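Enquirer: Quick one: the structure is below, questions incoming.
Just so you know, all these numbers are worked out from the coordinates, no wet-lab data involved. All figures in this text were calculated on a predicted structure; none of them were measured in a lab. Virtual Cβ from ideal backbone geometry, glycine too; neighbours counted across all protein chains shown.
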Amino acid sequence: MWAAFLLNALLDNQLVTTLGIAPRRVDGLDGVVFAPLLHGGVEHLASNSFPLLVLGFLAFLEGARRFAVALGSSWLASGVGTWVFGGGLTIGASGVVFGLFTYLVTRGFYNRDWKQILLAVILFAAYGSILWGVLPTVGSNISWQAHLFGALGGVLAAFLLKRKRSVPLGTDRFGTAA
C-alpha cells in the first residue's frame, strides 16, 4: 500500500483516478482488485495500515490458507459490493480491515472455541466502535458500502472456514444419546 501510494504520488494521482472503484461502470471494475492498495493521503493510508497489520497478523496466526481465504473474501466482497451499490469513486483498504475484524470476531462462535471467543471479546472492546462505519453517513466521503460488504465478507470467511465437528458414536448431531 505504501509503495502504491508513492507510485501514485509520482504519477500525479493517476492511479487513483484510473484504478479506483467506479460504481456500476465496466471500466471501474478493475478497482475491485486495486482500490484497497490506493489511498487519498498519508492520513488515510496510516489509518488503514496499523489495523490491517494487527488484524492481518492475528488472522495469519491460524495459517496462510485461512488468512488467504479471510483476506480474499473481505477484499472481494468489499470491492464487488462497492461496485454494485457505491456512490462515487472509492479507494482504500478499510473494507478489508472491516472484513478481517468481523472474521476474527465471528470465527470463535462458528468454531465454538473459547480462545477465539476471548480474542473476539478483546477485539470488540478495542475496535468495536468501528462497526458504526457500516451505516450510511450523509455528506461524508467515507464509503460505508465498502465497510458493510467487507464486514459481510469477513463473516462469510468465518462461516466457510468453520471447523468440522465430529459427532461421538452413540449420539445424535446435538450430542444427546441416540
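Enquirer: Quick one: if you take sqrt(5λ) for each eigenvalue of the C-alpha gyration tensor of the range 48-128, what semi-axes come out, biggest first, whole angstrom?
Expert: Semi-axes from the Cα gyration tensor: 23, 13, 12 Å.
Enquirer: To the nearest 500 deg cm²/dmol, what mean residue ellipticity at 222 nm is calculated for the chain from DSSP H runs of n ≥ 4 alone, each contributing -39,500 (n - 2.57), summed and divided by the residues?
Expert: Calculated mean residue ellipticity at 222 nm is -19500 deg cm²/dmol.
Enquirer: Suppose we take every Cα in the range 1-54 and form the convex hull; what volume per residue is that in Å³? Can you show the working numbers first?
Expert: Working: hull volume 4.0 nm³, N = 54.
With only Cα atoms used, the range 1-54 gives 74 Å³ per residue.
Enquirer: Can you give the Rg and Dmax of the chain based on its C-alpha atoms, in angstrom?
Expert: Radius of gyration, then largest Cα-Cα span, for the chain: 18.2, 69 Å.
Enquirer: For the range 76-85, in order, what is each residue's ³J(HN,Hα) by Karplus, 6.51 cos²θ - 1.76 cosθ + 1.60 with θ = phi - 60°, in whole Hz (x at glycine and Pro)?
Expert: Whole-Hz 3J(HN,Hα) from phi for the range 76-85: 5, 5, 4, x, 5, x, 5, 5, 6, 10.
Enquirer: Percent relative contact order of the chain, based on C-alpha pairs within less than 8 angstrom and at least six residues apart?
Expert: Working: 303 pairs, mean separation 42.9, N = 178.
About 24 percent, as a whole number.
Enquirer: Here's something else I'd like to know. Treat every Asp and Glu Cβ in the chain as -1 and every Lys and Arg Cβ as +1, leave all other atoms uncharged, and give the resulting dipole magnitude about the Cα centre to the nearest 20 debye.
Expert: On the way: 12 positive and 7 negative charges, 174 e Å.
The dipole of the chain has a size of about 840 debye.
Enquirer: Do you know the relative contact order of the range 10-91, to the nearest whole percent, from alpha carbon pairs under 8 angstrom that are 6+ apart?
Expert: 47
Enquirer: Pick from 85, 98, 34: which residue has the top mean-square fluctuation in a GNM of the chain where Cα pairs under 10 Å get a spring?
Expert: Comparing 85, 98, 34 in the GNM, the peak value goes to 85.
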